[in-house]
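Q: This is the structure, below, for whatever I ask next.
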Amino acid sequence: MQKKIFIITTLAIIICCLIFFLTLYKHTKNVYVDITPIATHDNGMEFIDSSTCIECHQQIVEDHYKTAHYNSLKVANDETIKGSFKKEHNSFRLNENVIFNMIKRSSGFYQEPIIKKQSTPFYAAKMDLVIGSGTKGQSYLMWNKNNLFQLQASYFTPTNSWINSPGAPDKLTPARPVIERCLECHTTYAQNTSGNKNGNQFHKTNIVYGIDCQRCHGSVIKHVKFHKQHPKEKTAKHILKYSSLTRQQRLDACALCHSGLRTKATERAFTFMIGDTLANFSSSDYNETNLEDLDVHGNQYDLLKASQCFKKSATLDCTTCHNPHKKERGNIAVFNQKCIDCHTTQKKPINCSGNKNEIKKMGNNCVQCHMPLVNSKIMKIQVSEKDEVSVQVRTHFIGIYNKTSD
């Protein structure tokens, strides 16, 4: 009898538990978990972590994580710092009296200059942030309370070595203040708390590192919330579609950072938003008479605009050749195909008028011939105490050149 009562009681408990959890599931399966913003723009726009987009756009996000854009500003750690901290590879000689050593400790990564005949470092400056993806090199930033500074030692990828930061003198110099305009092209958003555009004080936790989805698609928080609540809806809602922009709006989005040092800036950094007219914020220093004075470093937009390919096309823009979601650098075959696609039709196949032997030797490489690597006039690197080299950048002035680049 007692055994029968025990069995009945046990079954009753199990049934009650099942009813409870089924009821709980019924009422919670559609409960939406709110998204917490990671930063807020001065204009009120809320930023979310780009990892939130993985649920629906996994491949796009994972590909974007590998791009130079996304990795243009990161917190310093073992993965983001490209330079070596191993003995015999962790230093460079600034001049005959000063050697910089790069030291890794449990508390972080440090730059320590040693002055001749002294046994202790002149100072130890912590590398808090990495600026630059490492494609050509990296520089390092230091927080001093809420003030941000660029340190003197940088890293140069072509020689895999530590160097004096571009533009720094060949002597010990104070760390350079980093202003909002410097960060505008390396990160999606950083809140300047200095009160003026030339101040270097920032809100440490109100930063969106790197160039992420929201720089080109605008606010996405409403889009993500809607589609989490309506998972069966396949039409993208509440998001700026790049295809909806005019050609000039698409160009302006890139020109903000790829048209050199712009003049007559009337607005603070980070005020220009996707879809805005860049000319209302700042002016390009380019005109047809000073094309040769435009440096290849940072002036891709103006050089492209001066090209016949651009002038004769009503649709060509930066994304005609560049997929902003993918790391395509170095994949010459992809870019060559872009050229061929534009210059070939069914009735008129491509016919290059160049030297046939040279064309064959280069492997039909359109880009190498018509967009060669050019020495930058302004970006020069001190690779040793006495040697300085120019950084090579591929010109975006598409044309016919007398000499090909190696």
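The values are calculated or read from the model by the stated rules, or taken from the named source; none is laboratory data. Just so it is clear, the model here is predicted, and its values are computed rather than measured. Methodologically, a virtual Cβ is constructed for each residue, glycine included, from the backbone with ideal geometry; neighbour enumeration extends over all protein chains shown.
Q: Residues of segment 368-380 being among the aliphatic types (A, V, I, L, M) and in contact with a Lys or Arg (Cβ under 9 Å, 6 or more places away or on another chain), which ones?
A: Listed by number, the residues that qualify are Met371, Leu373, Val374, Met379.
Q: Scan Leu251, Leu240 and give me the residue that is part of a loop (DSSP other than H, G, I, E, B) and within 19 Å of Thr271 (Cα to Cα).
A: Only one candidate passes the filter, namely Leu240.
Q: Can you tell me which residue is nearest to Ala68 (Cα to Cα) among those in segment 198-237 that are part of a helix (DSSP H, G or I) and polar (S, T, N, Q)?
A: Gln214
Q: While we're on this one: Please go through segment 69-115 and give me each residue that is over 19 Å from Thr135 (Cα atoms), of a type in the set (Asp, Glu) and at pLDDT 95 or above, ordered by number.
A: Scanning segment 69-115 gives a single hit, Glu112.
Q: Within segment 343-367, track down each residue that is surrounded by fewer than 15 Cβ atoms within 10 Å (Cβ to Cβ), outside any loop (DSSP other than H, G, I, E, B) and either without any contact (Cβ under 8 Å) to a residue 40 or more places away in the chain or not assigned by TED's automatic domain parsing to the domain that holds Phe310 (or both).
A: His343, Lys356, Asn357, Lys360, Lys361
Q: Would you check if Gly218 is closer than 29 Å to Leu151 by Cα and not basic (Lys, Arg)?
A: No: the conditions fail for Gly218.
Q: Does segment 160-178 hold any residues that are polar (S, T, N, Q), more than 22 Å from the chain's Cα centre (by Cα) and either within 12 Å of Ala125 (Cβ to Cβ) or assigned to a loop (DSSP other than H, G, I, E, B) (or both), and which are they?
A: Of everything in segment 160-178, just one residue is polar (S, T, N, Q), more than 22 Å from the chain's Cα centre (by Cα) and either within 12 Å of Ala125 (Cβ to Cβ) or assigned to a loop (DSSP other than H, G, I, E, B) (or both), namely Thr173.
Q: Yes or no: Ser139 surrounded by 14 or more Cβ atoms within 10 Å (Cβ to Cβ), in a loop (DSSP other than H, G, I, E, B) and either under 18 Å from the mean Cα position of the chain (by Cα) or at pLDDT 95 or above (or both)?
A: No, not satisfied.
Q: Something else: Could you list, ordered by first residue, the pairs with Cβ atoms under 8 Å in which the first is in segment 113-134 and assigned by TED's automatic domain parsing to the domain that holds Arg181 and the second is among the basic types (Lys, Arg) and surrounded by 11 or more Cβ atoms within 10 Å (Cβ to Cβ), at least 6 apart or interchain?
A: Listed pairs, sorted by first residue: Leu129/Lys74; Val130/Lys74; Gly134/Lys82.
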